[in-house]
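Take a look at the structure set out below.
Read-outs throughout are calculated quantities, based only on the coordinates presented, and are distinct from any laboratory measurement. What you are looking at is a predicted structure, and each value in this text was computed from that prediction instead of being measured. Every residue, glycine among them, receives a Cβ derived from its backbone with ideal geometry; neighbour counts consider all protein chains shown.
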Amino acid sequence: MASFFKKKLKSHNSTISIKKTNNGDNDNNDNDIKISPTPKNKIEISSSSNNHANNNEIQSSTNHNKVDNKINTQIENNFNTNTNTTNTTNTTNTTNITNTTNDNNINNNNEDNLTENNTSESNNKNKTENDDENQNIWINVMYDPFNGIQTISDCMDLVDIDGNNEHHLVIADFGNYRNNTNINTNTNTNKNTNANTNSGSLLSLNDDIISINKKINKNNEIEPTENKKNPEKKVLKKNKTSSILLSKNDIVLNDNKTGIPVLKIFKDDHVETRISLPDIPRSVCSFYPDSRSSHPIIAVAIGTTIYMYRDRYPYIKMTLPPVEPNPLEEEAWKNAITNVNNEQKMYNKYNMDLKVSNISDSDLSLNEVSNTNNSNSTSSSRSNNNNNNNNNNISDISKKNKEFHSKLLNIVTNLVNTLISLRDNGVIQLTQISIEFLALQDLETKLAFLVGNLDLNIAIEPTITTMKTIKKNREEEDSCSYLVVGVNEKLVYIVNPNGCQVIEKFQLSSSIQLMSVYGLYDVKYHIIVGCIDGSIYYLTSNSCYKITQLEYLPVGIITFEKSLIVGCMNNTIYSYTTKSKKQYSIIMPSPIISLQGISGGFKKIKGYLVSLQNNEVRVYSDKNLILLIPTPDKITGMIFGRFEREQNSLIMITKNGGLIIKFLKRNAKSTLDDINIRPPIEQKQQIIIPKKTRLFIDQTVREKENAKEMHSIFQRDLFRIKLIAARAYVKTFKNTLNPISGIPTAKIKMAVEAMGINVNFKIRLDIMNIGNNIARNLYILFDYNQELFTIEKPMINIPIILPGVNYTIDCPIKQNVEAYDKDINNQIKVLLCEKGYGTPLVMGIADVGMCQDLLEVYG
Amino acid sequence: MGRFSDFLIALGFMKKKVNILCVGLDNSGKTTIINSLNPNKVDNGMIVPTIGFSIETFSKSKLNLTVIDMSGQGRYRDLWEHYYVDVDAVIFVVDSSDKIRTCVAKDELEQMLNHKDLKKRKIPILFFANKNDIEDSMSVADCSNALGLNNVKTKNWYICSCNGLTGDGILTGFNWLIGIIKKILI
Ligand SMILES: Nc1nc2c(ncn2[C@@H]2O[C@H](COP(=O)(O)OP(=O)(O)OP(=O)(O)O)[C@@H](O)[C@H]2O)c(=O)[nH]1
Ligand SMILES: [Mg+2]
């Protein structure tokens, strides 16, 4: 059964797993199924005492390296060895700390929990006393604050696993990820690069180090080539520490059974089956693969892979087809790789002639490279003197090495340049590998990457970010479904899990982040996709368009037949129709954590749940707030639906790992339906109308009696206002103060802006021809007090202004010394004139502030 | 007493028909229990979830019983209250292996006890903690606690553990019910 997993798992390059025998945490059930990566270079250390032993083990190995370094490196390398030692001590220290703090964290968490619970309970009391209705609607089945589950709404589902109409809760638990944030990011990046089994930058480097270490340990008689391996380690040092950290954290992970991601299948309120997951899950879905089967499949999206489970056992593993890179990009890589290969062949040939053994490996060539790069060829040759009698040979080698290195560097710079130009052209979307390659720190690391991954294939397997199901042709729960998968590589796939073929593929403009599906695939369906740049797309069988571009990033999306709901980072829920019309928005009292649709018995209403940062979950139906559920903690994951045999259950996971189960009372449903039909509560609130005062009554009486007069007075005043406005308009027009010129031949707009606060100013003019004709023969004049200002060019010729183009003209202006103590208003008038006309087209006034205040301050 | 009541029935003084309402959550085993009580029913091993309700009449212990077997599914539970008016006894079946839903059963029980048609009447309630054969199921005491039976002071009630499939324990409870009914009716 597990064979299909094994195949994949081999590709995981290396982890160090440590078995602890004294740990009582191994309480896993018999039906434990592990999909933990079985490492290629498995180093098992069983320790009976404690973690310190492990540390020692690793420390000793690193020490070993250090010793070797000392032997081999000379004075120039002292600095390096120093850093090396600090590095090693650092790593051991940090890992120690993580080990101990782990426990502390848990304790702290618990304490936090307790205190939080206390406070929130008191809050609860207040709240619940306020609305009895809430109490009556729910049956509180249980609240277990220390269940230790970390998950999100996407990773929860209610599945009828055995086909006997008992819907068990299925949760993909992230494990103790908050205590191990380091590795998560690490493993994630690894995962990305590791999508191609060949590529993994960090891990492969790690591999190299291990193999090198082994070699060093093996051959203690130092050969000249072996000598040169050590400097290489320095090049990879940065990577090395991180990789060691990574493996140490892996140990922490494996130590703690609750720490690793697990697929938990519940029975009632307790976990019945645990299936270890290889990494942090992204999404969990359940579906029926064909109409005949009575047992559903649980699909878990992890990284690039969808793992499917049936009857609590692994069933199929599926990866999406790799995203083909752009041919230009591929070409660049291919070239570089073949070039490197050629160079290597040449180099090897030469070395064969010299009859020096052990240089065939790419590691070694890399190592040669870094050696020469460190330009300690003299030192190495000196050390070589001790061991090798052939002086000539050595200097020859180092010369050759230098040559080889520079050639390789050339290749890399070429590759980098082509990739950068491809990237900057903006037409081509580079693959993740190229982007990460360009982001590597310096040429040397880039070179190391290239040489270490000569079998690289940049076609990348897409990383799944979201996954949903879509029913094929029947509404029924057990009808066969397809999977809809959104990936980081800007694609949405519809996949038939039965045979694992892609049925439909949508290319979007940005990474997919959120998704919601409505309808039946064969009849009518739509997929609403939220992208990482805040755009929302509508995808259906024969069309695909952008619904809107949100100003704030979306947190959750739910779609109904004709509308959709988006919760955004600005505490607001927006509703759009699928025809991209905005309907309404609801402002929440605090940030939205998650959004979840209500399925089940509420087909009629557009119900959805919103969990908020202020410890409450709100149930909305369309725009009406139906229920407000105060929770003891922040809710990160929730699901509403059929749980076990209960139709309307709400299951919530708190931020601190608590599990809350609530059932909706039978009679609550009808009240909810009522609420939905009723007008919103706000409508019932009475508007406080002040009492009619004496004054008001008098006024109305007067209005009744003198209606005619009042009307005529009002009319007269109105006309007066209109007249004044018209006059003012004419005046501006005459003075051409209006920023837009009114002459029919040339319609020109000019904006004047004074910039700067010191003696030297700048007036910026934005001139635009908003008419249809080309304006010619214009010039700009500055009208100013020459005593106060000096303007280099008081007249600027503008030969031509094309329609629609914005011309920006900057004129530097200097304030004269005489002006400092003069306290007169100092406007500069800017006149835009046409040659041969008396009146200017446009006039602008720049108010230039006097700088004497500033001068007073600054001397 | 037996001969006397027979006599009364023969004379028509005693009510012949006794209405018993059988309620409980879905899948708790109401139909199974009633079938095992019903001498007319042949056990064919096929019990499907009841839709709406089904009425069984049979005579037992010289009483003519009309047992109304309600469906326990959520959407049919609204029907229960329509039969409260002319009911002489209630059988409340709890699935003692379904721990997570005992609170639902408790809720339904409270709603029933507080219903206007039942509140004032002194009606015996027989609780069956069914499915005691299933491993890890609740004991009678646990069931009684979970349902909050200690607070039920206005009614005559009795709880017994039973197994609907084999019939173990059903008669114990049922005989108690018959005894009470006879006492009330005479
Ligand atoms: N193991 C076990 N199973 C039982 C027992 N009693 C009933 N069952 C099973 O429980 C299931 C449901 O029984 P039903 O009698 O249909 O339950 P019900 O209360 O009538 O259900 P609804 O009509 O839907 O309200 C059947 O499959 C029975 O075989 C019992 O004592 N032990
Ligand atoms: Mg039944």
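Name the residues whose placed amide hydrogens come within less than 5 Å of the amide hydrogen of B:Lys60, ignoring near sequence neighbours (fewer than 5 apart) on the same chain.
B:Leu65
In peptide B:94-102, how many Cβ atoms from other protein chains are near each Cβ within 10 Å, on average? Show your work: numbers first, answer last.
Working: counts 0, 1, 0, 1, 5, 6, 14, 9, 1.
The shielding value for this peptide is 4.
What are the radius of gyration and Dmax of region B:15-185, computed over its Cα atoms and given in Å?
14.6, 43
Residues with beta-carbon under 12 Å from that of A:Met768, excluding A:Met768: net charge, scoring Lys, Arg +1 and Asp, Glu -1?
Net charge around A:Met768: +1.
If packing is taken as the mean number of other Cβ atoms within 10 Å per residue, what is the order of A:544-554, A:688-698, A:707-717, A:619-629, highest first?
On the way: A:544-554: 15.5, A:688-698: 7.8, A:707-717: 10.0, A:619-629: 19.2.
The most tightly packed comes first, giving A:619-629, A:544-554, A:707-717, A:688-698.
Karplus couplings for region A:317-333 from phi (6.51 cos²θ - 1.76 cosθ + 1.60, θ = phi - 60°), rounded to Hz, Gly and Pro as x?
My calculation for region A:317-333 gives 10, 9, 10, 6, x, x, 7, 6, x, 5, x, 5, 5, 4, 4, 4, 5 Hz in order.
In the structure shown, do any of A:Lys634/A:Lys662; A:Lys264/A:Lys665; A:Lys581/A:Lys606; A:Lys562/A:Lys623 have a Cα-Cα gap over 19 Å, and if so which? List each step's numbers first, then the result.
Details: A:Lys634/A:Lys662 16 Å; A:Lys264/A:Lys665 27 Å; A:Lys581/A:Lys606 17 Å; A:Lys562/A:Lys623 15 Å.
Long pairs (Cα-Cα over 19 Å): A:Lys264/A:Lys665.
Ordered by residue, what ³J(HN,Hα) values in Hz, to whole numbers, does region A:139-148 give under the Karplus form 6.51 cos²θ - 1.76 cosθ + 1.60, where θ = phi - 60° and Gly and Pro are x?
Coupling constants for region A:139-148: 9, 7, 7, 6, 9, 10, x, 10, 6, x Hz.
What does the charge count near A:Gly534 come to, summing +1 for each Lys or Arg and -1 for each Asp or Glu among other residues with Cβ under 13 Å from its Cβ?
Values: positive: A:Lys546; negative: A:Asp533, A:Glu551.
Result for the local shell: -1.
Which distance in nm do the two modelled labels at A:Ser510 and A:Thr839 give, with both placed 7 Å along the Cα-to-Cβ direction?
For the pair A:Ser510/A:Thr839, the computed spacing is 5.0 nm.
Filter the trypsin sites (Lys or Arg not before Pro) in region B:70-124 to those in DSSP coil with at most 13 other Cβ atoms within 10 Å of their Cβ, and list the result. Could you put the intermediate results ahead of the total?
Working: sites: B:Arg75, B:Arg77, B:Lys99, B:Arg101, B:Lys106, B:Lys116, B:Lys119, B:Lys120, B:Arg121, B:Lys122; in loops: B:Lys120, B:Arg121, B:Lys122.
Loop-located and lightly packed - B:Lys120, B:Arg121, B:Lys122.
Order these peptides, B:107-115, A:838-846, by their mean beta-carbon neighbour count within 10 angstrom, highest first.
Values: B:107-115: 16.7, A:838-846: 18.7.
Ranked by mean Cβ neighbours within 10 Å, highest first: A:838-846, B:107-115.
First measure r as the distance between the Cβ atoms of A:Thr700 and A:Thr577, then evaluate 1/(1 + (r/R0)^6) with R0 = 45 Å and state the FRET efficiency to the nearest 0.05. Please report the intermediate quantities before stating the final value.
Details: r = 45 Å, r/R0 = 1.01.
Calculated value: 0.50.
Taking H as built 1.01 Å from N, whose amide H comes closer than 5 Å to the amide H of A:Ser541, not counting residues under 5 places away?
Counting only residues 5 or more places away or on other chains, the set is A:Tyr525.
From Cα pairs below 8 angstrom and at least 6 apart in sequence, can you work out the relative contact order of chain B, rounded to a whole percent?
Working: 313 pairs, mean separation 42.3, N = 186.
With pairs under 8 Å counted, the relative contact order is 23 percent.
Residues with beta-carbon under 13 Å from that of A:Pro812, excluding A:Pro812: net charge, scoring Lys, Arg +1 and Asp, Glu -1?
Working: positive: A:Lys762, A:Arg764, A:Lys793, A:Lys814; negative: A:Glu792, A:Asp810.
Once all neighbours under 13 Å are counted, the net charge is +2.
Per DSSP H run of at least 4 residues, take -39500 (n - 2.57); add these up for chain B, divide by its residues and hand me the 222 nm value, nearest 500 deg cm²/dmol. Mind showing how you got there, number by number?
Values: 6 runs with 58 residues, N = 186.
Taking each H run of at least 4 residues, the total per residue is -9000 deg cm²/dmol.
May I ask you to evaluate 6.51 cos²θ - 1.76 cosθ + 1.60, the Karplus curve with θ = phi - 60°, for each residue of region A:480-493 and list the ³J(HN,Hα) values in order in whole Hz, giving x for glycine and proline?
Ordered by residue, 3J(HN,Hα) equals 6, 10, 10, 9, 10, 10, x, 10, 5, 8, 6, 10, 10, 10 Hz.
Under 5 Å between amide hydrogens, which residues at least 5 positions from A:Glu272 or on another chain qualify, with H placed 1.01 Å from N in the peptide plane?
A:Ile265, A:Phe266, A:Lys267
Arrange the peptides A:145-156, A:337-348 so that the one whose residues have, on average, the most other Cβ atoms within 10 Å appears first.
Working: A:145-156: 21.3, A:337-348: 15.8.
Averaged packing, sorted descending, gives the order A:145-156, A:337-348.
Which length gain, in nm to one decimal place, applies between A:Asn570 and A:Glu324 when the Cα-Cα distance is subtracted from 0.36 nm times their residue separation?
Residue separation times 0.36 nm, minus the Cα-Cα distance, leaves 84.9 nm.
Mind checking A:642-649 for the average number of partner chain beta-carbons within 10 Å of each residue's beta-carbon? Write down the numbers at each step before the final one.
Values: counts 0, 2, 5, 12, 8, 4, 1, 3.
Partner Cβ neighbours, averaged per residue: 4.
Considering every residue in B:64-77, what mean count of other chain Cβ atoms within 10 Å of its Cβ is obtained? All intermediate terms of the calculation are to be shown ahead of the outcome.
Numbers: counts 0, 0, 0, 0, 0, 0, 0, 0, 1, 2, 10, 4, 0, 2.
Average neighbour count from other chains, rounded to a whole number: 1.
Kindly provide the pair-distance distribution of region A:395-490 built from C-alpha pairs, with 10 Å bins from 0 and whole-percent values in order of increasing distance.
In whole percents, the pair-distance histogram is 13, 29, 22, 14, 11, 7, 3, 1.
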